[in-house]
Each structure stands twice: as structure tokens, then as C-alpha cells.
Amino acid sequence: MSLIALIFISLIGSLVAHRVALYAGKAGPWLVALLPAFLFFSFLGHAGAIGTGEVIFERIDWVPSLGIGLGVRLDGFSLLFTLLITGIGTLVTLYAGAYFAEYPAKKRAMFLFFIILFMSAMLGTVLADDLIMMFVFWEMTSVTSFMLIGFEATKPEARKAALQSLLVTAGGGLSLFAGILLIGMTLGTFSLSEVALRADELVASPYLAAIIVLILGGAFTKSAQFPFHFWLPNAMAAPTPASAYLHSATMVKLGVYLLARFDSIFASVPAFGLTLVAFGSATMLIAAFLALRAIGYKGVLAQSTVASLGILVMLIGLDGYVASVATVGFILTHALYKAALFFCAGTAIHATGITRLRGLGGLARFLPFTAAAAALASLSMAGLPPFIGFISKEYLFEAQLESSMNWIPVLVAVLVNAVMVAVAGAVSLKPFFFNRERIESVKHGETLGLLVGPLILATLGTLFGIAPWLVAQSLVQPAASALYGSPIDVSFSLWHGLTPMLALSALVVALGTAIVVYWDRLHIALRRMRWPDRLLGDKGYHAVFDGVIGAANGSTRFFQNGDQRRYTLIVAIATIALIGWAYFRSGGNFAILATGGPILIAPTALLILAVAGAVAAARTQSLITAVVAVGIVGYVSALLFLMNGAPDLALTQFSVETLVVVVIMAVLVRLPTYAPSTRTAGERRIDIGVSAAFALLVFVGLATMTAEPLDMRLTEFFSQRSLTEAYGHNVVNVVIVDFRALDTLGEIAVVGFATLAVWGLLRRRRPANATLARKG
Amino acid sequence: MSSIIFSAMARLFFWAMLAVSIFILYRGHDEPGGGFVGGLVAACSVAILALADGVPSARGMIRVHPVILVGIGLVLAIVSGLPGLVLDASFLTHQWLEFPNGFKLGTTMIFDLGVYLVVFGGFLSLVFRLYEEVS
């Protein structure tokens, strides 16, 4: 089936899923899970062709005038992601059904709707070949993530975490968008595959540095890299099924996906890889450190996820084809074991109501299958043979040793992986097997829905380790080839012989075992420290956030202080400054057209009348007199329009003047007839100065503009075409309703929305208040 | 402001101005006029009524909520662009029907009617709200 059709099926399917989950009762989640399962097998059907190196392209025009289309591409790398997204999506749907079993059907349906919608967004992002399309789906994942983190909307910390993740990831998305636009400006295309072909042109562009920084901004925020590493642990406020899906297995890997896509494009820029290695290593270290300090079960897992993302970013930064294999292998491995561990954590937390890791113990008695799945998954995470985690860790070290980087990344990787081994022990052995005295009973046991996900994932992690040929040629090799840019041979196998990598693995396991034995002591010692909270938390985010709010409050208090005169003054000064600046920038020419003809009596008389009206309006203390005087100025302009052959303008001006008087009268009825002058002498002087400056500017502008020879091209064009093409004699009207109809539509839409605002703002106060006001 | 003379004259003016506003709207394509001016005149006609008899009686006279008028106007303007989208693949490219006797009917008329209703409803909401506060 067409790939674009699959995306649309998924999008529409989210709505269907909502209805099904709402009305199908207990069977609902199982029926909903058919959709991701169907998509999984549809994509799996392409695996054979993709395995031979084929790439599938499809394209439908979307905005042809801007060169934007729904362009999709399926190669080995996107196939890996689509399979992870739909496969884990199926399991998450089943798990969520069981997890929310006691919730009202309405809430459960809502959750499944967001999960399927999120899945569609993910599919769109990883399949997109058109960068604009990718950006749209990219931001859609941020928005659905916001909805899912804040799903328990009654909890303040969930709302806060949701907002934080949205501001960070959607803000990063805007940075990505700017980068995409710069690429489009440079190359004139938004197609990722064409950009890859013309990489040398992009690298030669003067915008290269800006493009790289902007794209890194998008990727680092999404994948929680330092200094944006803080949002992911906070996002654990989401329900666990969402955490397993979005914040470990799929969405947070989008940043990695993006970097991987651009890695071959920027291959010739050494700084690109170096930056990735530096930021990846920093993230790994910080997250590993924070994992030891984390209190919550999910918090520990979240920090280890951040560390894993750091490993992936670092791997992409490394050169050599082994790095590509290692990246692909680790993406697959991490998705399998981390989602399984999140499922197990969710079941444990759900069954006990305890979220602290150190409050849990001996759960294997009550949740035997969950404990088994957690054990298998954590062995894979620890990188022990014969699990797939072992293979991918061997590749990680091999990639580092093979690359041209020095020994620092190796050291970082050894330390971080040792912590990963310790985390693996801490999140499976301790809560499930040790400390039996901590938990006496659980609220409920395991159900089928809670078990399917973790058991399948943990089994696959073991199976792929024992029988790596199952995925080596069909999945890892095509993905790594797509990533590397040319076909590579992958010997994805368990035993590599006695290599330096094996020695490093042994060192990691030894260190990790030591850490897990002293976990509690280490944890307590690290909790006593205060500086990590200050330096590594989200203090920076809060400073920026509060700063923006503070600046907004301050400027609102200054500009919107409630005094109409201040508003008018600010608008007038701003207008004068802007026009004056433009006038002097363009040379500051002044010209006046001396016609030398006789003075025309009628216009002169009218103008004198207008001046008299203006002077009267400025001098009078009576508001009614002021309205009438301003009206005189308006009518005079209308008469001048009429005399100079613009009857349409004149007619409109007359009507507007009349209506303005009618409307202002309604306001005036409620005001005192005479307004005592509250302006001080100083304020009046400022008023006079601003008015004079404004008048001078308008005079200079009008005189200079009319001194220029009039460009008649537009006038001629419209006069010639208005009857032949638009069948109208009245050129003004034809321009409004036909030639520039879109402008007019925009304008009347503005009028419409302004009307709605006025209707709401001027709502009559409540009767109670009104009586109070009258009495007062 | 209850004055029998004003009230009686306002009724007359209301109908006269409403008729004139529709005439202005209709002739707009070939002579000075159009939806914007037409809408302004129509708003004036109801404003006079509201001034003379109060907002409730003016509301009763036009029956439709002014905000709804705005909505209908916007929808008409958008709808008038759809035939162009279908026939010419270009939104708001107006289409014309020509009759053998030279009479022409175009989607511009629908668009201009939309402008008329938006301006009419928009000013009317302003007038109603402000006069309601007074009475």
C-alpha cells in the first residue's frame, strides 16, 4: 500500500480509535491495537525490498507554488524507525488499555486517541522527504507529547512539566524550521534526498554555520541533550505508557534521527562531528551522574534514557562505518529494553502506588512475569552476553576505537556504561528481588494487557542476541547503509573473539557491579550535595521563563497603563519615528511641485474651512464641539475627493464620518459636556510638539510624493482590464472585489474578529454590579 | 430620547436608507458604490432607529443578531471564491454567467454581499453595544 496512504490511515485511524475505545468496552484497546499492528505488518512487507538496497519515493504536490509537497521516502533507516514506532505502538496500546482499566472509558479513549495521533505524527516525521512536511509532523509530535505529559491535568506538576516540554521542544522546532528555510533559500529545494545529493553546495553556503546551529537547536532540544537535558526527567509526570512510548522508545530519538540524516550531508564539516561528540559526551556524563541521584523509579530510567541519547549523539558524531552500525544497533537495543523496563516500572508503581525506587522491594512474589521481563530487559541493558545489548555495546566501543577521536570519549563511555549496568541492576534486582520487607501486599496483580508488552520486548531482546542473523541482514544492515551513505557489510554477531572491546566490556561490568552493590550509600552521599541541583537542574529554564514573563509584565505596565492619552502618544511617537527613520534612510529628499497656475478658489476655501475645523477641535473644551469640528475636517476631505474625481472615496468618507458621529454620540451621552482640562502645561507642550512633528511629516511626505511624476502603470492596467476581464465599469470596486479579492477577504475577516472582540468587551456589566455602581 | 416626530421620521429614514444601501451595493460594480459603502449606509439606517426608539426596538426590526450577520458575510465571501477554486484552480477568481441579452451575473456579487453584511453587522454591534449602555 502507498506510504502516504498509510500515514493518512493512521491519522484518520486515531479518530476511529477514539470512538472504538469509547464504545467497545474491555475489548476496545485490543481492537484499537489492530491499527498499529496492521501498519507494522504493512511496513514489514517492504522489508524485503528495502533489504536489497531499494529506496521507495512517493510525492503528492501540496503547495506547488512554494515547492512544498507531501514527499515521502522509505529507506533502511526510516524502515527501522517505522517498525519501532508501529511495533511498540501496538504494545503500548495494549498496555495502556490495561493500565487505565479502572479509569472511565472516556479518559481511556482520550489517551488512546492521543497515542495513535502521536504515532501518526511520528510516522509522518520519519517518512518525510520534504523538510517542510517533516517540520509539520515534528511539531505535531511536540503538541501530542504536551497533551500526554499533561494528561493528568488536575496535577499541577503534570501541567508544569507539559508546558516545559512544549516550550523546549516546540521552541527547538522553530529553530529547526529556521534552519530548513535557510536550506531552502540556499538550494531552492526542500527535498531531503536532493539536499543530500547537493551537500557540497550547502557546505559552501555562507549560511552554513547558521544552518548547523539551528538544526542542532532542533535536534538537541528534542533529544534532551545538554543544556536541554532537564525536560525529559520532568516529563515523567506523564502516565507510564506514554513515557515508555514517547520519552524512551520513539519521540526523543527524533533528534537523533535528524542528526543521523544530516550527518552524511555535513560529513565534510569537521566541527559538526566534533560538536556532536562533545555535547553527546557531556550529556552522557551529566545524565549518568543524575541517574545515581534520582529518587523516583521512572526518574532513574529517564536519566538513563538521557544518557543513552547522549551515547547516540556521540556515535553519530564519530566517523567510520562502524559508528553507523553501532548507532543503528543501539537504537534498536535501547528501544527494546527501555520500553520493556518502563512497562515493568509502570506495573510496579501501579500495583503498589509507590513511585520511589527505594520504597520498592521483593515484588517478584506478586508480579512474577513482570519481574522476569524486567530481569531479561535489564540484562540486555547491562550489556551482558547473550543479549542484544552486549552486541551493541561491543559495537559502541569498536566505533570509538576505530574513529579518529582520542581516548576521552572512550573513558566517558566506560564510565557511563558502568552506571548503565548499575542502573540496570538497581531498577530490576532491587525492586523485584531484594528488600522483601519493604512491600507486604499489592493492590492488584498482573493482567494479560500489562504483560504482553514487556514480555514480548524482553524476549525479542534475548532472541536477537542469541540469533542476531534475524535482524543483521534484514534490518541493521540496510539501516546502517542508509545512514552511512553507501552499502556496508555488517557482521552483527555475538562473538567477536578476544578483542579490546571485550576487555572494555569486562571492565564496564566490573565497575557497574561495584556501583550497584554500593548503590544506596552512593545515592545518599550524592543526595547530600547541593550543587547539582543548582547547576544541572532546570534553573536556567526557569530564569528564562520568569524573565520573559517579567519583561512582558513590565512592558504591559508601562505601555498599557490605562490612560488613553498615553496610548495615543505612544502610537503617534512610534509612527513618527518609523516614518521619519524611513524618510531619512531613503535620502531625506524634499521637493515641492510648483505648478505656477492660478489659485483655485473652491479648493482653497475648503482647505481654509478644514484648518478652521482643526483649530476649533484643538482649542475647544466641549467634547460635542470637538466632535463636530473634527467632522468638518472629514467632510472637507470627502468634498475634496469628490472634486478630484474619486466619487467612491468621497461616498465612503461621507458615510464613515456620519457613522463616527453617531457612534461617538453614544459615548458622549455618558460623559460630562465639558471636560475640565487635566493636562499639565508640560504635558500640553509635549502634545503640541508631537502633533506638530506629525503634521510636518505628513506635509513633507505628501509634497514630496506629489512632486514625483505619477506612475500610471497600475492605473492603466486596471482601467484596461476591469471591463474586459472582470466585467465592471467601476475600477475601484472591481479592484476591491475581484483583482485584490483576497486582500478584501482578509480585511473583512479582521473586521469580523474585531466585531467579536467589541461584542465581548462592551458586554453589559452584571445587574448586581450595575446597581452598585448606580448607588455609588 | 423619546420624541414622536423623531421616532416617526426614523422609521421612514430606516426603510429609505436600507433601500438606498441595497441600491448602492447593487450598482457598485459599474457606478460609485459597493458593499463597503452599502454596509455603512445600512448600519446608519439601523443606528437612527436605535437612536430614536432604543436598542430593543431596533433589534426587533432587524431580527438577526449583528454578529451572525458578520458570520454570514464572511461565509458568503469565502463561498464566492469556491467556484473559482474548482473551475480555475484559483481561489477567488470570480466566475461569470453571461446571458444572451447582455445581462451578466458574477460571483463578485456574492462576494460584495459578504462585504456588505460584514460591515453592516460589525458597525451594528458597535452601535448596539454602546447605545445599550446608555439606555
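The values are calculated or read from the model by the stated rules, or taken from the named source; none is laboratory data. None of the values given here were measured: they were computed from a predicted structure. Note that each Cβ is placed from the backbone with ideal geometry, even for glycine, and that neighbours are counted across all protein chains shown. Accessible surface is based on the protein model in full, side chains and every heavy atom, while ligands, DNA and RNA are left aside. Shrake-Rupley method; radii C 1.70, N 1.55, O 1.52, S 1.80 Å.
Brief remarks follow.
- Calculated FRET efficiency, A:SER691 to A:SER65, Cβ-Cβ distance, R0 = 41 Å: about 0.35 to the nearest 0.05.
- Listed residues A:HIS523, B:ALA19, A:SER145: farthest to the positive end of the dipole of the protein assembly as shown (Cβ charges): A:HIS523
- With a 1.4 angstrom probe, the accessible area lost at the A-B interface totals about 4000 Å².
- The stretch A:527-570-the stretch A:376-420 distance, computed between alpha-carbon centres (Å): 43
- About its Cα centre, the dipole of the stretch B:4-134 is roughly 280 debye, where the only charges are +1 on Lys and Arg Cβ and -1 on Asp and Glu Cβ.
- Between the stretch A:422-499 and the stretch A:298-345, the alpha-carbon centres lie 11 Å apart.
- Cα-based reach from A:LYS155 at 18 Å (exclusive), listing lysines while leaving out same-chain residues under 8 positions away: A:LYS107, A:LYS298
- Each principal axis of the stretch B:1-134 carries a Cα extent, and these read 55, 30, 21 Å when sorted largest first.
- Estimated from helices alone, the mean residue ellipticity of the protein assembly as shown at 222 nm is -24000 deg cm²/dmol (sum of -39500 (n - 2.57) over DSSP H runs with n ≥ 4, per residue).
- Accessible surface calculations at 1.4 Å, restricted to protein heavy atoms, place chain A at 45 Å² per residue.
- Candidates B:ILE110, B:ILE72, B:ILE62, ranked by Gaussian network fluctuation over chain B, Cα under 10 Å, top entry: B:ILE62
- Length-normalised contact order of the stretch A:443-546 in % [C-alpha pairs under 8 Å, at least 6 apart]: 16
- Largest-first ordering by accessible area, 1.4 Å probe, given options A:TYR257, A:TYR727: A:TYR727, A:TYR257
- Rounded to the nearest 20, the Cβ-based charge dipole of the stretch A:103-256 about its Cα centre (Lys and Arg +1, Asp and Glu -1) stands at 780 debye.
- With Cα atoms defining each centre, the stretch A:68-140 and the stretch A:712-742 are spaced 50 Å apart in the structure.
- Largest first, the residues A:HIS229, A:HIS18 sort by 1.4 Å accessible area into A:HIS18, A:HIS229.
- Contour minus Cα-Cα distance for A:ALA582 and A:PHE57 (0.36 nm per residue): 184.1 nm
- Computed E for A:ASP743/A:SER205 - FRET, C-beta separation, R0 45 angstrom, nearest 0.05: 0.80
- If R0 is taken as 45 Å, the Cβ-Cβ distance between A:ALA594 and A:ARG679 corresponds to a FRET efficiency of 0.70.
- P(r) weight above 19 Å for the stretch A:45-114, C-alpha pairs, percent: 58
- With loop membership from DSSP and a limit of 13 other Cβ atoms within 10 Å, the longest segment of chain A without trypsin sites (Lys or Arg not before Pro) is A:1-442.
- Calculated SAXS-style log₁₀ I(q)/I(0) at q = 0.20, 0.22 Å⁻¹ - the stretch B:79-135, Debye, Cα scatterers: -0.76, -0.84
- Dimensionless Rg over Rh [the stretch A:88-200; C-alpha; Kirkwood]: 1.10
- Extension gain (nm, one decimal) between A:THR459 and A:ASN561, 0.36 nm per residue minus Cα-Cα: 30.2 nm
- Derived scalar couplings ³J(HN,Hα) [the stretch A:734-740; Karplus, 6.51 cos²θ - 1.76 cosθ + 1.60; whole Hz; x for Gly, Pro]: 5, 4, 5, 8, 10, 4, 10
- When the listed pairs A:LYS338/A:LYS393; A:LYS106/A:LYS443; A:LYS160/A:LYS253; A:LYS160/A:LYS338 are checked against a 18 Å cut-off, the alpha-carbon distance exceeds it for A:LYS106/A:LYS443; A:LYS160/A:LYS253; A:LYS160/A:LYS338.
- A:ALA24 paired with B:VAL64, simple spin-label distance in nm, labels 7 Å along Cα-to-beta-carbon: 4.6
- Carbon/sulfur fraction of accessible area - chain A, other protein chains in place, 1.4 Å, %: 70
- The Cα atoms of the stretch A:1-123 cover 47, 36, 18 Å along the three principal axes, with the biggest extent listed first.
- Under the criterion of Cα pairs below 8 Å and six or more residues apart, the relative contact order for chain B equals 29 percent.
- Model label zone, A:LEU535; criterion: amide N under 18 Å from point 7 Å along Cα-to-beta-carbon; scope the stretch A:218-258: A:226-230
- Coordinate range of the alpha-carbon atoms in chain A per principal axis, descending: 107, 67, 52 Å.
- The region of chain A that goes longest without hitting one of the GluC sites (Glu not before Pro) in a DSSP loop, each with at most 11 other Cβ atoms within 10 Å, is A:103-439.
- Rounded accessible area of A:VAL544 (nearest 10 Å², 1.4 Å probe): 100
- Taking Cα centre as origin and charging only the Cβ of basic (Lys, Arg, +1) and acidic (Asp, Glu, -1) residues, the dipole magnitude of chain A rounds to 3660 debye.
- Computed extension length for A:ALA703-A:ASN406: 99.8 nm, one decimal, from 0.36 nm per residue of separation with the Cα-Cα distance subtracted.
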